[in-house]
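Values quoted throughout were computed directly from the atomic coordinates according to the rules given, and no laboratory measurement underlies them. From a predicted model like this one, the values you see are computed outputs, not experimental measurements. Here the Cβ is made from the backbone with ideal geometry for all residues, glycine too, and neighbour counts use every protein chain on show.
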Amino acid sequence: MKTKFIKILFFIQFILLSFSTLEAKVNNIIVAKVENEIITAYDLENEIKTILVLANKPLTQENINEVKNFAMKSLIRKLIKKSEVERYNVTKYSEKDLNGYILQISKGLGTNSSGLKKIFKENKINYDVLVEKFKIELLWNTLIYSLYKNQISINSVELENEIKSKLLNKEDKQYKLSEIEISAKDDSQASFDKIYETIKKEGFYQAVKKFSISSSNLDRGNIGWFNENSLSKVYFDQIKKLKKGEVSKPIRTMESFVILKIEDIKLQDNSNLDVDKLKDSIISRKKEEKLNLFSRSHFSKLENSAFIKLQ
């Protein structure tokens, strides 16, 4: 009897080991190659789960199918940036900014960093992969600054004109904006229809999580406050007639399309402006705008030249 029990136990262990080995093989199936890097079935599954959990959506087959393509694009973008960061041997990033990303994501789910780890564990998602993704974004920002810092000088005439304009106007309108950025390669009415349908049914933030390729998707698409005089003409023409909470039509930029949402509008009193602070603020904003353009352009060139093979 004892011998029979041992045989049964051994058989059960063998079956479990076989299933475990089979699962490992399935997880290790290569689904894409990006230069010398690979994306496995496990990577794709983990990314899909991450997107859905952060969007606070159930892990249903319908939802999985809906975000699968976006998850693949997200993984490809990460590997392209990772490869470029490693090529330049960039290792410095801000721990404060990293913690800020994690805190922002946690708050979006109504928890803290410890609670976020717990949510990931319960859903069998690799939390360390999320942290690595944030690190790569920060390292990428460091790289872009190091490459283009000498090309972000501000035109003094434009600067003085903007300062004069603000001082002449008693008050200016300011817009708090969020964005969804999509690749110019996705220029189709079907793509736009899908985004606007998601915005209508699930909200702008969910659409950011699903579709935006911008690093601002780590901050719910938020890109901050903008004075009406500081916005580019193409941006201002699209939002000047919109009200708080409304969304713009797709706006073509150099390398992508951007959909803007007006989160808030306020009037700024210019009667007691500190000119020095105003000047510093304008310079800082203009430099950041230029760096964002360089970042998009640099990535687009890498993406167009990268060897990407879907299995």
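Relative to the longest principal axis of the Cα atoms of the chain, the long axis of helix 41-54 lies at roughly 50 degrees. Relative to the dominant Cα principal axis of the chain, helix 189-202 is inclined by about 80°.
Only helices enter this figure: runs of n ≥ 4 DSSP H residues, each worth -39500 (n - 2.57), summed and divided by the residues of the chain, yield -20000 deg cm²/dmol at 222 nm to the nearest 500.
Across segment 215-250, the residues whose backbone nitrogen lies under 15 Å from the label position 7 Å along the beta-carbon direction of Glu288 are 215-228, 230-232.
Distance between the modelled labels on Leu242 and Lys170, one decimal in nanometres: 2.9 nm (7 Å Cα→Cβ projection).
Between Lys249, Lys185, Lys78, the GNM of the chain built on Cα springs shorter than 10 angstrom shows Lys185 fluctuating the most. Between Lys200 and Asp276, the simple spin-label model (points 7 angstrom out along Cα→Cβ) gives 5.3 nm.
Relative to the longest principal axis of the Cα atoms of the chain, the long axis of helix 61-87 makes an angle of roughly 70 degrees.
For mean projected area of the Cα convex hull in nm², computed directly from the structure shown, the correct entry in [x] 19.8; [y] 21.0; [z] 14.6 is [y].
Mean-square fluctuations from a GNM of the chain, with a 10 angstrom spring cutoff on Cα atoms, peak among Ile163, Ile195, Ile76 at Ile163. Taking the Cα centre of the chain as reference, the dipole from Cβ charges on Lys and Arg (+1) and Asp and Glu (-1) amounts to some 820 debye. Within the chain, the longest segment free of exposed loop sites, counting chymotrypsin sites (Phe, Trp or Tyr not before Pro) that fall outside DSSP classes H, G, I, E and B and have at most 16 other Cβ atoms within 10 Å, spans 89-306. Computed from label points 7 Å out along Cα-Cβ, the spacing between Glu35 and Glu95 is 2.9 nm.
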